[in-house]
Amino acid sequence: AQSVTQPDIHITVSEGASLELRCNYSYGATPYLFWYVQSPGQGLQLLLKYFSGDTLVQGIKGFEAEFKRSQSSFNLRKPSVHWSDAAEYFCAVGASSNTGKLIFGQGTTLQVKP
Amino acid sequence: DAGVTQSPTHLIKTRGQQVTLRCSPKSGHDTVSWYQQALGQGPQFIFQYYEEEERQRGNFPDRFSGHQFPNYSSELNVNALLLGDSALYLCASSKARGETQYFGPGTRLLVL
């Protein structure tokens, strides 16, 4: 069965420090992979996506993610966190075939210390 | 260019009632998907509409139904509301099935 695991429910980092949020997926075929961010009470904003090609993808707000097929991972990184990055982050997997169902992880809440 | 819009933003209902939530997709998008996000959880896929038909469905009971109109907007209907239906309901649109989904701000439903 398809699934997404975000092992860290809550992460706290200091402003200016680097960040890595983990995502592991289980999927039988080539997946489409996404990271979304959700601020309190808001909808989801797309940070970045991986469909094919270069395994290191760049997104908005200085985020990047690396697809590692051998580890079934798609970890999100940012070299220097800003206080405005505090939010909930969701990793999602979608079928590479012609369907639109996204399967989401449970999310990681990021807290940024001043 | 307006993004995905949803109405209403908040809604309070009582058990057993019925509710209708509305979604207008992003300009140029023809596919609408609906998700339920319970508190502290990731979104769960309810169903997807394309060409006015339900194309794929998640693990939700028949109490959840939908509709897509010729202008690509969509409605989500939930009958016989249960307390457990309290959640944020998110609509997402895409240019086609399988393309990147863009989400609206959601409708917060509280069932008392």
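The values are calculated or read from the model by the stated rules, or taken from the named source; none is laboratory data. Remember, it's a predicted structure, so these values are computed and weren't measured experimentally. Heads up, the Cβs are rebuilt from the backbone with ideal geometry, glycines too, and the neighbour counts pull from every protein chain shown. Each accessible area value is taken on the protein alone, full model and side chains, heavy atoms only, with ligands, DNA and RNA left out. Shrake-Rupley method; radii C 1.70, N 1.55, O 1.52, S 1.80 Å.
For this structure, a couple of remarks:
- Residue of B:Q37, B:Q48, B:Q68 that the Gaussian network model of chain B assigns the largest fluctuation, springs spanning Cα pairs under 10 Å: B:Q37
- Burial here means at least 50 square angstrom less accessible surface with every protein chain in place than with the chain by itself, probed at 1.4 Å; in the range B:90-112 the buried residues are B:R97, B:G98, B:T100, B:Q101, B:F103.
- Leading residue at positive end of dipole, the protein assembly as shown (Cβ point charges), from A:I9, B:L109, B:V78: A:I9
- Choice from A:P79, A:P31, A:P40 with maximal GNM fluctuation in chain A (Cα, 10 Å cutoff): A:P40
- Nearest-20 debye value, the range B:6-70 charge dipole, Cβ charges on Lys, Arg, Asp, Glu: 380 debye
- Rolling a 1.4 Å probe across the protein heavy atoms gives the range B:9-91 an accessible surface of 48 Å² per residue.
- Think of the protein assembly as shown as having a plus end and a minus end, set by charges on the Cβ of Lys, Arg, Asp and Glu; of B:S7, B:F60, A:T55, B:F60 sits farthest toward the positive end of this dipole.
- Across the range B:28-40, coupling constants 3J(HN,Hα) worked out from phi with the 6.51/-1.76/1.60 Karplus curve, θ = phi - 60°, read x, 9, 10, 10, 10, 10, 10, 10, 10, 10, 6, 4, x Hz, and Gly and Pro carry x.
- DSSP-loop trypsin sites (Lys or Arg not before Pro) across the range B:39-70, with at most 13 other Cβ within 10 angstrom: B:R63
- Segment A:Q42..A:Q2, full-extension length gain: 11.8 nm, with 0.36 nm per residue of separation and the alpha-carbon distance subtracted.
- Range in chain B, longest, excluding exposed GluC sites (Glu not before Pro) [loop by DSSP; at most 15 other beta-carbon atoms within 10 Å]: B:53-112
- Overall form of chain A: prolate. Here a/c, set by the Cα gyration tensor axes a ≥ b ≥ c, is 1.5 or more, and a/b is the larger of a/b and b/c.
- Distance between the 7 Å Cα→Cβ label points at A:Q111 and A:E20: 2.3 nm.
- Note on A:43-56: average number of Cβ atoms from other chains within 10 Å of each residue's Cβ is 3.
- For the range A:1-66, the share of accessible area belonging to carbon and sulfur comes to 47 percent (1.4 Å probe, ligands and nucleic acids excluded).
- Only Lys, Arg, Asp and Glu carry charge here, each on its Cβ (+1 for the first two, -1 for the last two); on that basis the protein assembly as shown has a dipole of about 280 debye about its Cα centre.
- On the basis of the beta-carbon distance and an R0 of 35 Å, A:I60 and B:R57 show a calculated FRET efficiency of 0.65.
- Only Lys, Arg (+1) and Asp, Glu (-1) charged, at Cβ; the range A:19-112 dipole about Cα centre in debye: 160 debye
- Portion, in percent, of the accessible area of chain B that falls on carbon or sulfur, probe 1.4 Å: 48 percent
- Threshold 30 Å² - residues in the range B:5-43 whose accessible area is reduced by that much or more when the chain is no longer isolated, probe 1.4 Å: B:Y35, B:Q37, B:Q41, B:G42, B:P43
- Inter-label distance for B:S7 and B:R108, nm, one decimal - labels placed 7 Å from Cα along Cα-to-Cβ: 2.0 nm
- Buried area at the A:B interface is about 1700 square angstrom, summed over both chains, from accessible surfaces computed with a 1.4 angstrom probe.
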